[in-house]
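Just so it is clear, none of the values below were taken in a lab; they were calculated from the coordinates. For clarity, every value in this text was computed on a predicted model and none was experimentally measured. Note that each Cβ is placed from the backbone with ideal geometry, even for glycine, and that neighbours are counted across all protein chains shown.
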């Protein structure tokens, strides 16, 4: 069996004009998980990210300069676009600026997106699910024994829900639990892919490491 280790990117820049930029904390989180993998002698044979800057920069800060392959299927769903579509271009200021309100509203919005309860989004949920599966298949179509992927919370939630045979609602429930630079591990052999570990952060399990913990 081979391993597919999927790591969520480090903390990005919530509330800023450009979310797709790692914060200083995000870079520290990436350095910590990279150091842990080296300490464990877990050396990847293949590196893959989505095309988002926060994903690529996480891989670099982990210590894998030069990057790896890219597959857009590992990109996050466009949550800003979903909110714009749901609220028809008039997203309330509280949703945009208050973290708690934002994520509660996002959860509700993703459920409505899954049910196709509004239109105007650039991507349907069915299209999202299909591209995530295509990205997983791409990452697992290899002779490599250890594949390292840097992706995003929604993608990891979707992959995990599918591996568990859970209903689509679980995608978002899992998504909201995933910590920045958490590790989710699958084992695969050909078309078979099973969940082995979810949302693990041993690099935060010290007094100093605990200071690096974030969810968004």
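Want the number for residue 185 to residue 72: 0.36 nm per residue separation, take away the alpha-carbon distance, what's left? Intermediate values should be presented prior to the final figure.
On the way: separation 113, 0.36 × 113 = 40.68 nm, distance 2.00 nm.
That works out to 38.7 nm of additional length.
Tell me the Rg and the Dmax, in Å, that the Cα atoms of the chain produce.
16.7, 50
In deg cm²/dmol, rounded to 500, what helix-only [θ] at 222 nm does the chain give when every DSSP H run of at least 4 residues adds -39500 (n - 2.57) and the total is split over its residues?
Numbers: 9 runs with 93 residues, N = 216.
It comes out at -13000 deg cm²/dmol, rounded to the nearest 500.
Using R₀ = 25 Å, calculate the FRET efficiency as 1/(1 + (r/R₀)^6) where r is the Cβ-Cβ separation of residue 88 and residue 173; round to 0.05.
According to the calculation, E is roughly 0.40.
For the residue pair residue 119 and residue 206, what label-to-label distance in nm results when each label sits 7 Å from Cα along the Cα-to-beta-carbon direction?
Taking the simple label geometry, residue 119 and residue 206 are separated by 5.6 nm.
Give the angle, between 0 and 90 degrees and rounded to the nearest 10, that separates the Cα long axis of helix 125-140 from the longest principal axis of the Cα atoms of the chain.
Here the helix axis deviates by roughly 10 degrees.
Arrange the following residues from fewest to most other Cβ atoms within 10 Å of their Cβ: 215, 125, 77.
On the way: 215 14, 125 20, 77 25.
Going from least to most buried by this count: 215, 125, 77.
Which of 160, 109, 181 moves the most in a Gaussian network model of the chain with Cα springs under 10 Å?
Of 160, 109, 181, the most mobile in the Gaussian network model is 109.
Compute the separation of the alpha-carbon centres of region 166-216 and region 61-75 and state it in Å as a whole number.
Using only Cα atoms, the two centres lie 18 Å from each other.
Find how much the distance from residue 19 to residue 134 grows on full extension, using 0.36 nm per residue of separation minus their present alpha carbon separation; answer in nm with one decimal. Let's see the in-between values first.
On the way: separation 115, 0.36 × 115 = 41.40 nm, distance 2.54 nm.
Taking 0.36 nm per residue and subtracting the Cα distance, the gain is 38.9 nm.
May I ask you to order 5-13, 97-105, 26-34 by the average number of other C-beta atoms within 10 Å around their residues, highest value first?
On the way: 5-13: 24.7, 97-105: 14.2, 26-34: 22.7.
The densest-packed peptide leads the list: 5-13, 26-34, 97-105.
Relative contact order of the chain: what whole-number percent is it, with Cα pairs under 8 angstrom and at least 6 residues apart?
Dividing the mean separation by the residue count of the chain yields 30 percent.
Which one of 76, 39, 173 has the biggest mean-square fluctuation once the chain is modelled by GNM with Cα springs under 10 Å?
Judging by the Gaussian network model, the answer is 39.
Using a Gaussian network model of the chain whose springs link C-alpha atoms within less than 10 Å, name the residue from 25, 94, 174 with the highest mean-square fluctuation.
Result: 94 has the largest fluctuation of those listed.
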